[in-house]
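Every number here is computed from the coordinates shown, using simple stated rules; none is lab data. These figures come from a predicted structure and were not determined experimentally. Backbone-built Cβ (ideal geometry, glycine too); neighbour counts: all protein chains shown.
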Amino acid sequence: MGDDESVLGWPEVLSRLDRHPTSSLLTPDVASLPELMETYAIPGMSIAVGRRGGDRWTSGYGTTGAAKPGCVNSHTAFQACSISKHVVAFGALRLVGDGVLELDADIDDYLASWHLPASDEGWRPRVTLRQLLAHTAGLSYNWFRGYGPGEPAPSLLQTLRGEAPANTPPVRPSLLPGSQFRYSGSHYAVLQQLMLDVTAMPFDELMSTLVLHPVGMSDSSFSQQFPHARPEPVARGHHTTGTPVPGGWRTLPEMAGAGLWTTPADLVRLELEIAAAAAGESQLLAPELAGQMLTPQAPGRMGLGTELDMSAGHLRFGHTGGNVGYECFSFAWPDTGTAVAMMANSEGAGEVLSAALAAAER
């Protein structure tokens, strides 16, 4: 990862961000990224930009927020929040490419440790991997907030069943599969169990094997022990007011939906690998499968584990994320071969992330 500040022009971009990116002001009020961070009480942010086969640029701003805070740098890991889904989708499609799973087969043919229960009306759905990845399986809404220090964390099976100490209701069918889009962590909790059952590997090790290691995401892990074992500090989460999250972060047993620890530099590597795969230039994923990630699966903006947007006249793909204490985005533009990822250790970073994304679209 290069550190030449002339690469891609991003130091200049970040010096003149729109202070009000979501307003309708005719004359933008601009500010630098550090100024916006001070305005919104954001302790630390990290950003990476890259082009396929070319330049890379990374930079860190502010502090990790630890008791003895260090400066954020290109190797500082943050919780990736729902971007985890995007990464897991790539791994699930690699299993499809290897013939371990089929996109359109009934997942009940693969599940062994748990099975989807009947709906409240008594019907049992036929759900596919494609529907899980695209949030069209019709499963009950869940947002997994995680577990704080001193709180017992449930197993994945306890989460699926809604059994103590899980703090969310059971995963159940509630809409006809394939009938509509409903974004829910439930889909990726089931996906995690599906991948566990067909591979018999711990999920963090499986994702390292399928995605993190082959893509070169060396600062990333789905292990919930990662922030404790890492030699250098990770970014500790903060609420909108700037108040630290107790214990620094929350544990996410639902790793596929929100449990990844990573850096913007690693996320850029993944986005560029997906773009390369869609162009038929990757050894990891066939173009027909990568192309499904970039193809809307239902009315709306969702591919297979991928948020899609054409509002600026060209395709943008990737994912956004928000956990307790963190906000982030990771996107790529296939027509230019460019990717940008940005992570913040604050729940109040939405306006700043919007300003940076708007700058990336220009």
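Just a few scattered comments:
- Simple point charges give the picture: +1 on the Cβ of Lys and Arg, -1 on the Cβ of Asp and Glu, and for the range 292-362 a dipole about the Cα centre of about 160 debye.
- Dipole magnitude of the chain, debye to nearest 20 (Cβ charges: Lys/Arg +1, Asp/Glu -1, about Cα centre): 420
- Helix-only [θ]222 nm of the chain, DSSP H runs n ≥ 4, -39500 (n - 2.57) each, per residue, nearest 500: -8000 deg cm²/dmol
- Farthest positive-ward along the range 185-258 dipole, Cα basis, beta-carbon charges - from L191, S221, T243: T243
- Positive-end residue of G257, A137, N167, charge dipole of the chain with Cβ unit charges: N167
- Seen through its C-alpha gyration tensor, with square-root eigenvalues sorted a ≥ b ≥ c, the range 157-276 comes out oblate because a/c lies at 1.5 or above while a/b is not bigger than b/c.
- Extension reserve of the S119-L315 stretch, reckoned as 0.36 nm per residue once the Cα distance is removed: 66.9 nm
- Near-label residues of the range 94-124 by backbone N, under 16 Å of a point 7 Å along Cα→Cβ of R161: 112-118
- Each Lys and Arg adds +1 at its Cβ and each Asp and Glu adds -1 at its Cβ; summed about the Cα centre, the range 215-284 shows a dipole of about 340 debye.
- In the range 240-362, Cα pairs under 8 Å separated by at least six residues give a relative contact order of 22 percent.
- Each Lys or Arg adds one and each Asp or Glu takes one away; over the other residues whose Cβ falls under 9 Å from the Cβ of V49, this sums to +1.
- Mean separation of Cα contacts under 8 Å (6+ apart) over length of the chain, as relative contact order %: 25
- Among S119, L210, G150 - extreme Cα towards positive end, dipole of the range 95-242, charges at beta-carbon: G150
- Derived scalar couplings between HN and Hα for the range 274-289 equal 5, 4, 5, 5, 5, 8, x, 10, 10, 8, 9, 9, 5, x, 5, 6 Hz in order, rounded to whole Hz, by the Karplus curve 6.51 cos²θ - 1.76 cosθ + 1.60 (θ = phi - 60°), x for Gly and Pro.
- Cα gyration tensor, the range 155-215 - rounded (a/c under 1.5), prolate or oblate: oblate
- Charge context of G185, other residues only, Cβ under 13 angstrom, K/R +1, D/E -1: +2
- Computing percent of Cα pairs over 41 Å apart directly from the structure and comparing it against (i) 29; (ii) 8; (iii) 34 singles out (ii).
- Value of relative contact order over the range 4-140, rounded to a whole percent, pairs C-alpha under 8 Å and six or more apart: 13
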